[in-house]
1. For the stretch 76-100, which positions are acidic (Asp, Glu) and in contact (Cβ under 8 Å) with a residue 24 or more places away in the chain?
2. Among 46, 109, 36, which is the only one that is free of Cβ contacts under 8 Å to residues at least 60 places away in the same chain and touching a strand residue (DSSP E or B) at 6+ places or on another chain (Cβ under 7 Å)?
3. Of all residues in the stretch 85-116, how many are in a loop (DSSP other than H, G, I, E, B) and over 21 Å from residue 22 (Cβ atoms)?
4. Out of 59, 33, which single residue is surrounded by fewer than 10 Cβ atoms within 10 Å (Cβ to Cβ), part of a helix (DSSP H, G or I), out of contact with any Cys (no Cβ under 8 Å at 6 or more places or on another chain) and at pLDDT 85 or above?
5. Any residue in the stretch 54-75 that's without any contact (Cβ under 8 Å) to a residue 12 or more places away in the chain: show its pairings with residues that are acidic (Asp, Glu) at Cβ separation under 9 Å, as long as the two are six or more apart or on different chains.
6. Is the stretch 65-77 home to any residue that is modelled with pLDDT under 95, part of a strand (DSSP E or B), within 30 Å of residue 103 (Cα to Cα) and among the hydrophobic types (A, V, I, L, M, F, W, C)?
7. Can you name every residue in the stretch 36-56 that is hydrophobic (A, V, I, L, M, F, W, C) and either under 29 Å from residue 93 (Cα atoms) or assigned to a helix (DSSP H, G or I) (or both)?
8. Consider the stretch 62-87. How many of its residues are surrounded by 14 or more Cβ atoms within 10 Å (Cβ to Cβ), among the aliphatic types (A, V, I, L, M), under 23 Å from residue 31 (Cβ atoms) and in contact with a Leu (Cβ under 9 Å, 6 or more places away or on another chain)?
Amino acid sequence: MSGLDGMITIETAKYRPCLVYGYREALFHRWVEADSISIKFNIPISYDGRKTLAKEIIETNIYPHYADPVVVKRIVGLIEYRDGTIDMVEPKDVRFLDSDYEFENVEASFERERMR
């Protein structure tokens, strides 16, 4: 961020250590919104028919009148592995390792509020 004196100050972000999938060490950066396109079929269609039609839609980007594109949004964690690789993972696959420390701070805040 730039100050009034023209100096630029870069603040380091706080990354949280975590395990992904229960065993892979990583740094958690933040939660992000990811979206994907799903296909909603307006008529009954077999599983194999859905697979074939979905493949055709992906290849041609043409939707038949009985199939509508639907945007599906979800929240994922943006994490960084030790080798520098960035990944997006489901919240259920992230376990924070600093929770004891974070909850101690929360408990202290609750205790101060109770004392008022």
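1. Within the stretch 76-100, the first condition is being acidic (Asp, Glu), and the residues that meet it are 80, 83, 87, 90, 93, 98, 100.
If the condition is that a residue be acidic (Asp, Glu) and in contact (Cβ under 8 Å) with a residue 24 or more places away in the chain, then 80, 87, 93, 98 are the ones that fit.
2. Working: 46 fails: touching a strand residue (DSSP E or B) at 6+ places or on another chain (Cβ under 7 Å); 109 fails: touching a strand residue (DSSP E or B) at 6+ places or on another chain (Cβ under 7 Å).
The conditions single out 36.
3. The number of residues fulfilling the criteria is 1.
4. Numbers: 33 fails: part of a helix (DSSP H, G or I).
Among 59, 33, only 59 is surrounded by fewer than 10 Cβ atoms within 10 Å (Cβ to Cβ), part of a helix (DSSP H, G or I), out of contact with any Cys (no Cβ under 8 Å at 6 or more places or on another chain) and at pLDDT 85 or above.
5. Sorted first by the residue in the stretch 54-75, then by its partner, the pairs are 62/56; 64/56.
6. Within the stretch 65-77, not a single residue is modelled with pLDDT under 95, part of a strand (DSSP E or B), within 30 Å of residue 103 (Cα to Cα) and among the hydrophobic types (A, V, I, L, M, F, W, C).
7. Just the residues of the stretch 36-56 that are hydrophobic (A, V, I, L, M, F, W, C), to begin with: 37, 39, 41, 43, 45, 53-54.
Passing the criteria: 37, 39, 53, 54.
8. Qualifying residue count for the region: 1.
The values are calculated or read from the model by the stated rules, or taken from the named source; none is laboratory data. Model, not experiment: these values are computed from the prediction. In this analysis, Cβ positions are derived from the backbone assuming ideal geometry, glycine residues included, and neighbour counts consider all displayed protein chains.
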